[in-house]
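Data first, discussion second: the structure below is written as structure tokens.
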């Protein structure tokens, strides 16, 4: 009985946290929906090291216009069961406000500490990015991104179905300011021991000068281990 009460209490805490994170943003959301999808394939793993290939695409204007394509190599090493480090490289093509595509090269370094509180896994990610944008006035930009995610297994699903919520903040230099925020709530499903997928809804807030512009996002993700 005590265990059941603790689990119910955790569900209430996570539910309230999700509501707080999401509702604070949705009041300002516009009707411009984005569709984001990504796929991660683990191609090789040995001991504490894993090599992953990642690709992503995004569509704006109510999911009708492609504006972002990304390909990434992820080198991840587990320093400890509760701490991983990764060195990544991304090649990105992104359509700007002038409707022209620009190429971007993005080396990344990230730390990923993870710990648990009862049944809830708290996953943090601190990522440093060097953005090398071709044909842009600001050819080199540094950006720091911090994400906190809470993951809760849904009872009676053997851990295959999980509820998650996360929030990520972006600090860019230049312009030396917090200029983006993302909040997502969703479900993940382990379809097979080597295949998992997730669907989430979120709000992306972008700073435009002194104003913030919000977009609603449907995010579909898949992960495969070869």
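Each reported figure results from applying straightforward, stated rules to the coordinates on display, with no laboratory input. All values derive from a computational prediction rather than experimental measurement. FYI the Cβ positions are ideal-geometry reconstructions off the backbone, even for glycines, and counts take in every protein chain you see.
A few comments on the model shown:
- Ranking of 131, 156, 102 by neighbouring Cβ atoms within 10 Å, starting from the fewest: 156, 102, 131.
- Label point distance in nm, residue 123-residue 39, each placed 7 Å from Cα along Cα→Cβ: 2.0 nm
- With the biggest extent put first, the Cα atoms of segment 2-225 measure 60, 45, 32 Å across the principal axes.
- Prolate/oblate/rounded label for segment 99-177 (Cα gyration tensor, a/c 1.5): prolate
- Counting beta carbons within 10 Å around each of 177, 108 and listing the fewest first gives the order 177, 108.
- The distance separating the Cα centre of segment 73-114 from that of segment 168-226 comes to 14 Å.
- For the pair residue 218 and residue 142, a Förster radius of 25 Å applied to the C-beta separation gives a FRET efficiency near 0.25, rounded to the nearest 0.05.
- When each of 214, 103, 98 is scored by the number of other beta-carbon atoms lying within 10 Å, the sequence from fewest to most is 98, 103, 214.
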